[in-house]
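Notes follow once the structure below has been shown.
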Amino acid sequence: MIPHDLVSRHSKARLKYSSQNIGHTWRNAVLLVTLALALSTLQAQVNGAGQKPYLGWSSFSQQTLDGGFLTQASMETQSDALRNSGLQQHGFQYINLDSGWQGSFDGNGRPIPNSTTFPDIKAMVDHIHANGQKAGIYWIPGIEQPAVDGNYPILGTPYHTQDIVVKPLTAGNAFGGASPNPYHDKIDFSKPGSHEYIDSVVALFASWGFDFIKLDAVTPGSYSDDLSIDNREDVAAWSNAIAKTGKPIWLTISWQLSKDYLNTWQQYANARRIDDDVECEGRCATLTNWPRIVLRQYDLVGWEKDAGPSVGWNDLDTLDVGDGALDGLSDEEKQSAITIWSMANAPLYLGGDLTKLDAFAKNAFSNDELLAVDQSGHPATQITGGMQPVWLSDAGTGNRYVALFNLNDIPSRVTVRWSDLGFTNVTSMKDLWNRIDLGPSTGSFSTVVLPHGSRLLKVRPQGVVHAAEGQSYEAEAAVLTGNATVYACQACSGGSKVGYIGASATSNAVTFTNVRVDKAGTYRMQVDAMTQGPRALIFSANNGPSTTLNMGGGSFNLPQSTTVSVTLQQGVNSITFYNAGTYAVDLDRIVVSGTGNAVAPESNTYEAEAAILGGTATISGCSFCSGGASIGSFGAGDANTVTFADVTVPHPGIYQLGIEYLTSGPRSFQIAINGNPPIELDLNGSSFESPANTAMPVQLQGGQNRIVFGSSGFAPGLDSITVGPVVTNSNLIGAITGTSGLRDLRFWRMKVSNQGTAPAKDARLNSFTVMPASGDTTCKVLVPLPVPLPLGNISPGGVTTLEIPLAFSPACREDSIFTVHSVFSANNGADVGVLESNSQAK
């Protein structure tokens with residue numbers, strides 16, 4: 001059996017000064033003002049805490065896996081595990097207790113622990129402190145119903161708990177219900193005793209020794225913009241109460257907060273959650289998954305300029321990367337997650353069980369140069385968006401941090417031009433994940449990055465390149481169709497924006513008809529738009545291929561900018577923005593700049609909802625899907641199909657096809673390309689809510705191709721496909737060198753050689769897929785090989801050999817021809833290799 005075409009696949013800073021120490025001379029006054037300005041510029045922040053993002057662990061992720069986990073004994077065990085892990089020496093010190101510790105109320109209506117699970121909470125905190133760590137606790141705004149019903153006296157006042165609530169009772173936070181018994185009741189802070197009640201709760205937490213408070217279900221945010229709740233006064237009251245304790249207690253507010261009220265969040269809290277929970281919480285088979293991770297990068301664009309030492313940090317939620325396969329992430333995805341969090345200067349707090357902390361997490365979080373990115377105090381900004389985003393931050397030492405990502409489901413080449421980052425060249429460059437120097441770089445840096453992978457560089461820039469001014473085009477001046485509507489927008493360019501874009505394959509669109517450029521080429525296009533939560537725009541230039549721009553954010557009133565490439569013709573162009581499946585973001589304007597030599601991606605994503613739907617195939621909204629929608633209810637009939645009729649590639653040959661799908665349990669696609677007999681692709685998964693992904697090699701013709709998805713039974717849901725060329729960094733090369741075994745169960749001998757000049761450390765076989773290329777396409781090949789498969793270290797010029805088992809179905813013949821998709825990698829994805837073309841096995 002012959003493998004054919006073997007392929008790889010702002011607030012005010014709070015500073016306290018004692019007037020008793022202030023001299024009365026002019027000179028002393030000047031010195032004092034100078035000192036105040038210097039301190040506020042350097043590291044000032046609310047409540048004396050939060051000058052840098054904190055490092056630690058939180059209980060909530062493990063709580064989602066083990067309902068009996070939350071006990072005092074468990075918390076002490078986790079504290080001991082952190083002490084013994086080696087990470088504490090690198091700054092990890094917080095042990096944070098999340099929701100579920102409370103049992104009842106004391107005589108002043110304050111929450112006290114469940115006496116069974118937390119018999120002595122102060123002793124628990126003392127245990128954590130004895131380990132050299134800090135302890136955190138969880139609570140929510142408002143006051144719980146039992147504390148109101150008890151009408152407890154408020155400590156140090158003549159007032160009672162019923163005196164401080166809004167009448168009639170109303171929800172006090174996002175978890176509250178409807179009247180007459182919301183359970184979480186809103187506090188009326190105009191009433192005497194209200195602030196004193198919060199003071200007493202915080203004082204109680206402080207007396208137990210806590211160093212951190214998470215205030216959850218804060219609105220506006222937490223999926224609620226109901227201003228009848230509005231917890232801004234609660235946040236201020238909690239912050240002021242912390243200040244009264246005299247302790248530097250960190251205050252984090254949560255979750256998915258509205259950016260419209262950023263000034264309050266910055267003034268009173270050390271960090272604010274900008275996303276929903278990262279955990280699946282039973283909605284998938286693992287702790288988290290890639291769609292939940294990548295959403296953080298989309299959301300971060302809208303908040304990227306609003307974090308720092310004096311205004312607090314953007315909290316991206318728990319970093320679930322230490323539980324091995326249970327995390328639901330590949331090592332490449334874990335590396336990307338850590339890189340996203342670190343470039344954002346987000347708090348780094350692990351979840352899961354620290355007693356089982358895996359080697360990947362230990363190695364990553366003992367890398368002080370990597371942790372320095374997170375602790376730099378200079379959150380990154382996105383330079384280029386789309387499926388190969390590039391982020392840049394200031395290391396604070398004259399160096400810059402540069403992160404490159406590949407969000408595709410196939411290995412892809414990512415290129416960054418130094419001029420797009422504002423400088424000419426770099427005199428030195430270091431790979432921070434591998435801790436190796438890469439030397440100087442002129443003009444640009446290009447690398448092949450694994451699916452969902454990343455590279456993180458520290459560079460020394462040279463020269464200055466000023467960004468060229470672009471031509472701005474207002475959305476309200478474009479051609480609007482269908483329901484697309486102009487709205488006033490005070491913060492928008494021109495004072496207006498366009499909403500109600502999308503939810504239609506043919507209408508509800510915005511078309512800029514007069515985009516002019518001097519010559520044909522690829523340009524940089526800045527898109528200013530706004531959303532609260534995940535949404536997407538799809539755009540097409542001159543009726544050409546469509547490009548998906550997935551976005552997130554915290555406001556429909558405050559525009560954010562992301563920049564992508566667009567290929568234009570000389571003279572006048574039209575660019576249309578739409579979304580075939582669901583409503584898109586609101587659009588402010590686009591700005592087109594450059595000279596036509598921008599970097600264009602080599603791959604393209606095609607949304608299933610924009611394809612031709614046959615029979616019962618139906619569009620459904622999908623928050624975690626590319627484009628915001630997916631296609632379901634197809635298959636189980638020849639007419640029930642999804643057809644991508646215009647998959648365009650420049651040359652005939654083997655390409656990579658990435659597929660994002662949704663299923664809970666085994667289902668199959670039948671995939672027919674250009675009228676050829678369909679190939680069956682068996683898949684499995686644990687969620688119809690968030691997509692999984694796979695990749696396969698396909699033979700395509702130059703120009704336009706037609707790819708049809710169907711199934712003999714009900715098919716998986718289909719989110720999108722991505723098509724791109726086979727790419728490699730060329731250091732690692734694989735080849736099939738022989739076969740052995742029986743007709744139906746064979747072994748293909750494969751060698752992997754390192755043709756580079758440096759060791760290939762921790763090499764691995766990332767994927768090995770065999771697909772029928774001719775003959776009876778009902779032939780199926782099972783590769784019972786766990787991937788990724790460790791290959792160890794390969795020295796320069798060295799070779800490692802392995803046996804690949806393959807089980808062939810009876811429909812496979814001796815003369816069957818196969819296309820093989822295989823990817824190798826080493827050095828944390830810095831080196832990516834493929835099989836040699838024209839290798840054969842018989």
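The values are calculated or read from the model by the stated rules, or taken from the named source; none is laboratory data. Source: prediction; values computed, not measured. Cβ sites come from the backbone with ideal geometry, for glycine too, and all protein chains shown count toward neighbours.
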Unique residue being polar (S, T, N, Q), out of contact with any helix residue (DSSP H, G or I) (no Cβ under 7 Å at 6 or more places or on another chain) and over 21 Å from V301 (Cβ atoms) when the list is N240, N263 | N240
Within segment 718-754, can you find the residues that are over 35 Å from the mean Cα position of the chain (by Cα), surrounded by fewer than 18 Cβ atoms within 10 Å (Cβ to Cβ) and not aliphatic (A, V, I, L, M)?
-> T737, G738, S740, G741, R743, D744, F747, R749, K751
Does A760 satisfy the condition of being surrounded by 15 or more Cβ atoms within 10 Å (Cβ to Cβ), under 29 Å from the mean Cα position of the chain (by Cα) and of a type outside the set (D, E)?
-> yes
Wholly inside segment 502-543, strands (runs of 3 or more DSSP E) that include 1 or more residues that are within 20 Å of the chain's Cα centre (by Cα), modelled with pLDDT of 95 or more and in the same structural domain as T618 (by TED's automatic domain parsing) are none
Would you point out which residue out of S228, S224 is under 27 Å from the mean Cα position of the chain (by Cα), surrounded by fewer than 24 Cβ atoms within 10 Å (Cβ to Cβ) and among the polar types (S, T, N, Q)?
-> S224
Could you tell me which numbered condition M1 fails, if it satisfies all but one of (1) modelled with pLDDT of 75 or more; (2) aliphatic (A, V, I, L, M); (3) under 30 Å from P697 (Cα atoms)?
-> (1)
Exactly one of L287, L227 is in contact with a helix residue (DSSP H, G or I) (Cβ under 7 Å, 6 or more places away or on another chain) and of a type in the set (A, V, I, L, M, F, W, C), and that residue is L287
Just a yes or no: is a residue in segment 554-565 surrounded by 24 or more Cβ atoms within 10 Å (Cβ to Cβ), at negative phi and over 21 Å from the mean Cα position of the chain (by Cα)?
-> no
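Residues checked against (1) at pLDDT 90 or above; (2) under 26 Å from G453 (Cβ atoms):
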{"residue": "D762", "(1), (2)": "yes, yes"}
{"residue": "V770", "(1), (2)": "no, yes"}
{"residue": "S774", "(1), (2)": "no, no"}
{"residue": "C779", "(1), (2)": "no, no"}
{"residue": "L789", "(1), (2)": "yes, yes"}
Checked segment 279-289 for anything buried (at least 24 other Cβ atoms within 10 Å of the Cβ) and of a type in the set (A, V, I, L, M, F, W, C); matches are L287
Please go through segment 322-333 and pick out each residue that is surrounded by 24 or more Cβ atoms within 10 Å (Cβ to Cβ) and in a helix (DSSP H, G or I).
-> D327
Among the residues of segment 488-500, which ones are touching a strand residue (DSSP E or B) at 6+ places or on another chain (Cβ under 6 Å) and under 17 Å from Q560 (Cβ atoms)?
-> C489, A491, C492, S493, G494, S496, K497, V498, G499
Report, ordered by the first and then the second residue, all pairs with beta carbons closer than 9 Å, sequence separation of six or more or different chains, a first member in segment 728-744 that is farther than 30 Å from A811 by Cβ and part of a strand (DSSP E or B), and a second member that is modelled with pLDDT of 90 or more and of a type in the set (V, I, T).
-> L732/V752; L732/I794; L732/V832; I733/V752
Within segment 627-657, residues being over 18 Å from I673 (Cβ atoms), over 31 Å from the mean Cα position of the chain (by Cα) and of a type in the set (S, T, N, Q) number 1
Would you tally the residues in segment 775-817 being hydroxyl-bearing (S, T, Y), under 22 Å from G829 (Cβ atoms) and crowded, with 17+ Cβ neighbours inside 10 Å?
-> 1
Across segment 605-625, which residue is farthest from the chain's Cα centre (by Cα) among those that are part of a strand (DSSP E or B) and among the hydroxyl-bearing types (S, T, Y)?
-> T618
Hey, does segment 148-157 have a residue that's of a type in the set (D, E, K, R) and either part of a strand (DSSP E or B) or touching a helix residue (DSSP H, G or I) at 6+ places or on another chain (Cβ under 8 Å) (or both)?
-> no
Per the filter on segment 251-287, residues touching a strand residue (DSSP E or B) at 6+ places or on another chain (Cβ under 7 Å) and among the hydrophobic types (A, V, I, L, M, F, W, C) are L251, I253, W255, L257, W265, A269, A271, I274, C284, A285
Output the residue which, of all residues in segment 658-692 that are buried (at least 17 other Cβ atoms within 10 Å of the Cβ) and not in a strand (DSSP E or B), is farthest from the chain's Cα centre (by Cα).
-> P678
Taking segment 89-140 and the residues there that are assigned to a loop (DSSP other than H, G, I, E, B) and in contact with a Leu (Cβ under 6 Å, 6 or more places away or on another chain), the one that is nearest to D368 (Cα to Cα) would be G91
Restricting the search to segment 208-247, which residues are in contact with a strand residue (DSSP E or B) (Cβ under 6 Å, 6 or more places away or on another chain), more than 26 Å from S555 (Cβ to Cβ) and either modelled with pLDDT under 95 or in a loop (DSSP other than H, G, I, E, B) (or both)?
-> F210, D211
Quick check: is even one residue across segment 584-604 assigned to a strand (DSSP E or B), buried (at least 22 other Cβ atoms within 10 Å of the Cβ), among the aliphatic types (A, V, I, L, M) and at pLDDT 95 or above?
-> yes
In segment 410-433, how many residues are among the basic types (K, R) and closer than 19 Å to Q388 by Cβ?
-> 2
State which residue pairs qualify: first residue not assigned by TED's automatic domain parsing to the domain that holds A826 and inside segment 325-336, second residue among the aromatic types (F, W, Y) and part of a loop (DSSP other than H, G, I, E, B) in any location, beta carbons under 7 Å apart, and separation of 6 or more residues or different chains.
-> Q335/W433
Selected residue (only one of L82, L70 is more than 25 Å from the chain's Cα centre (by Cα), surrounded by 19 or more Cβ atoms within 10 Å (Cβ to Cβ) and assigned to a loop (DSSP other than H, G, I, E, B)) = L70
For K191, state whether it is outside the structural domain of R110 (by TED's automatic domain parsing), of a type in the set (D, E, K, R), modelled with pLDDT of 95 or more and under 35 Å from the mean Cα position of the chain (by Cα).
-> no
